[in-house]
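Let me begin by presenting the structure, written as structure tokens, before commenting on it.
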Amino acid sequence: MTMPQQLQGRLRLPIISAPMFLGSGVDLVVGACRAGVIGTFPALNLRTTEDFDGWLTQIETALAEPGPEGREPAPYGVNFIVHSSNQRIEADLAQIVAHEVPLVITSLGAAKEVVDAVHSYGGLVFHDVTNAKFARKAADAGVDGLILVSAGAGGHAGGLNPFALISEVRAVWDGPLILGGALSTGRDVLAAQAAGADLAYMGTRFLATEESLVSEAYREMIVGSGAEQIVYTPSISTIPANFLRESIVAAGLDPDHLPVPDKVDLGHVTNPHAEETTQSGPAPKAWKEVWSAGQSVAGIDSVVPVAELVDRLEAEYTQAKGELLAVIGE
Ligand SMILES: Cc1cc2nc3c(=O)[nH]c(=O)nc-3n(C[C@H](O)[C@H](O)[C@H](O)COP(=O)(O)O)c2cc1C
């Protein structure tokens, strides 16, 4: 296992609260970091680079204070879309460098220039991938860690089983590995480590906290849904993603007969604030009206403050470790 040196001794649990469009904001990031796990948000949660700068300042200011029990807050991170259709690449990257953002999570493209810029101040770059081909490309760009987004994840999930994905990526990458997709409990975090991951990447579980930006109805739908109420489809966001079945119905669509998009539109994905239309009028908005969540809803039974969630994850993790050691021996 290969936890990057910048993170060693800095985390209470090996967890990243994953970036979520319209879901993770300042309170969730700060709450997660103060509780001892990495909090992150997508730069595109802000409509402008000036607003992005504002959030970075707020987060830094809050994290300058010691956490509960005098604990040093965990480092925070930002999700950065590296694709030609993101018109803010240069301006946002300048803010990332100016603020010395400790962890940058790149998506859609892994670029050596971005990696070099983040390395210039000692920051880390993790890149999210769904298969070995993209893992190889990211490794060539010099990233510090690979996030494996497996089947069942919230947002734009991959289609591969986590064990299969780890095996394929391990064949081309021996550096830090972060596993995401359907993890919801402390036991799942331990399982991710047993499977060879250094860190667990959890999105949906952190969406069901009081600090997330989503509505009460959205949180309650997460709590009330089971894994079978998660629909994996390219129809809502043009590339395959997982959505809550009930929210598809509420938006007036039939989850069993969704239209098939004729092409993948990355420009649309990288500008999630764009208005969507169909020939017959406005389309329901992905993320805003049709709500994303992963199969980890199976293990989510309540909405809690993020500090309480991390306490619970730690207790579950410790218990699972004890039980496992009793089975397999020290
Ligand atoms: C509502 C929602 C929005 C998301 N938005 C983003 C995003 O903007 N950028 C990104 O890289 N991943 C995004 N994701 C994916 C998460 O970062 C992460 O990969 C995923 O949540 C992990 O799976 P889990 O939800 O089963 O824990 C989103 C996930 C959800 C549930």
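The values are calculated or read from the model by the stated rules, or taken from the named source; none is laboratory data. Everything quoted here is computed from the prediction, not taken from an experiment. So basically every Cβ, Gly included, is an ideal-geometry build from the backbone, and we count neighbours across all protein chains shown. Ligands, DNA and RNA are excluded from the accessible area calculation, which covers all protein heavy atoms including side chains. Shrake-Rupley method; radii C 1.70, N 1.55, O 1.52, S 1.80 Å.
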### Query
Across the range 220-244, which residue is farthest from SER292 (Cα to Cα) among those that are touching a Ser or Thr at 6+ places or on another chain (Cβ under 7 Å) and open to solvent by 20 Å² or more (accessible area, probe 1.4 Å)?
VAL223
### Message
Cβ-Cβ distance below 6 Å, separation of 6 or more or different chains: which pairs start in the range 20-39 with a residue that is more than 17 Å from ILE147 (Cβ to Cβ) and assigned to a helix (DSSP H, G or I) and end on one that is open to solvent by 20 Å² or more (accessible area, probe 1.4 Å) and more than 16 Å from the ligand (Cβ to nearest atom)?
### Response
VAL26/GLN58; VAL30/ALA62; CYS33/LEU63; ALA35/ALA307
### Query
Do we have ALA182 as under 15 Å from the mean Cα position of the chain (by Cα) and open to solvent by less than 20 Å² (accessible area, probe 1.4 Å) here?
no
### Query
Among LEU244, LEU325, which is the only one that is under 18 Å from the mean Cα position of the chain (by Cα) and at pLDDT 85 or above?
LEU244
#### Entry: All positions within the range 49-76 that are more than 21 Å from LEU124 (Cβ to Cβ) and open to solvent by 50 Å² or more (accessible area, probe 1.4 Å)
GLU50, ASP51, GLN58, THR61, GLU65, PRO66, PRO68, GLU69, GLY70
### Summary
For the range 185-216, the count of residues that are open to solvent by 30 Å² or more (accessible area, probe 1.4 Å), part of a loop (DSSP other than H, G, I, E, B) and over 25 Å from LYS321 (Cβ atoms) equals 4
### Any pair with Cβ under 7 angstrom, 6 or more apart, that starts in the range 222-240 at a residue that is without any contact (Cβ under 8 Å) to a residue 60 or more places away in the chain and ends at one that is acidic (Asp, Glu)
THR238/ASP265
